[in-house]
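The values are calculated or read from the model by the stated rules, or taken from the named source; none is laboratory data. Model, not experiment: these values are computed from the prediction. Here Cβ is always computed from backbone atoms with ideal geometry, including for glycine, and neighbour counts include all displayed protein chains.
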């Protein structure tokens with residue numbers, strides 16, 4: 001009976017790790033604008049940000065991650081996508097910002113995930129059985145975090161595939177339209193030359 005309860009607890013821990021503490025967003029950042037998000041976490045907590053520019057301009061944006069003391073953890077310019085993971089050095093508010101300041105008129109559509117892991121277990125002087133239990137729990141949480149990362153990687157690749165497919169379809173449509181335009185211009189030029197030569201020979205016969 002104890003083993004059954006233990007197995008149930010393990011499964012619930014994995015599921016809780018997979019489907020909690022993850023925030024998925026799709027936002028529009030207007031030209032000359034900046035959008036920021038905040039997470040309050042404890043020290044040594046694992047955090048992650050993954051993003052993809054879905055629409056707008058050259059599909060680029062400025063990204064900045066700052067810590068509670070104002071130190072810059074990551075700063076990137078004109079990035080189209082990225083995945084960043086780190087451990088919180090101190091407890092407090094961490095800020096994620098997407099800036100479209102460089103754009104003059106084009107808004108950018110950004111899809112991103114914010115991931116916050118479980119805070120570390122800092123209890124000490126516990127009994128051996130409880131210590132083993134905590135080690136097992138930490139292993140399960142780590143496994144759940146790994147599975148969650150794989151899940152988000154798959155979602156990330158699916159989003160990239162949809163974006164690239166849309167870009168390819170748009171490019172193909174433009175190529176087809178340009179080919180039709182070129183063919184139309186050639187046809188008009190050919191008809192114009194035929195008409196000009198016909199008129200030229202008619203004038204020669206009259207003379």
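Identify the residue in segment 78-100 that is over 15 Å from the mean Cα position of the chain (by Cα) and part of a strand (DSSP E or B) and, among all such residues, is nearest to residue 42 (Cα to Cα).
Going through segment 78-100, the residues over 15 Å from the mean Cα position of the chain (by Cα) turn out to be 86-95, 100.
Checking the rest, the ones that are also part of a strand (DSSP E or B) come to 86-87, 92-95.
Details: 86: 13, 87: 10, 92: 6, 93: 9, 94: 10, 95: 14 Å.
Once the filter is applied, the top-ranked residue is 92.
Taking only segment 101-110 into account, find how many residues are assigned to a strand (DSSP E or B) and either modelled with pLDDT under 85 or surrounded by fewer than 20 Cβ atoms within 10 Å (Cβ to Cβ) (or both). Walk me through how you get there before you give the answer.
Of the residues in segment 101-110, the ones assigned to a strand (DSSP E or B) are 108-110.
In the following step, the residues that additionally are either modelled with pLDDT under 85 or surrounded by fewer than 20 Cβ atoms within 10 Å (Cβ to Cβ) (or both) were identified as 109.
Here the count works out to 1.
Kindly check whether there is at least one residue in segment 114-129 that is more than 30 Å from residue 67 (Cβ to Cβ), at pLDDT below 85 and part of a helix (DSSP H, G or I).
yes
Name the pairs whose Cβ atoms lie under 7 Å apart, with the first residue in segment 52-78 and without any contact (Cβ under 8 Å) to a residue 12 or more places away in the chain and at positive phi, the second surrounded by fewer than 18 Cβ atoms within 10 Å (Cβ to Cβ) and part of a strand (DSSP E or B), and 6 or more positions between them or separate chains?
Every condition considered, no pair remains.
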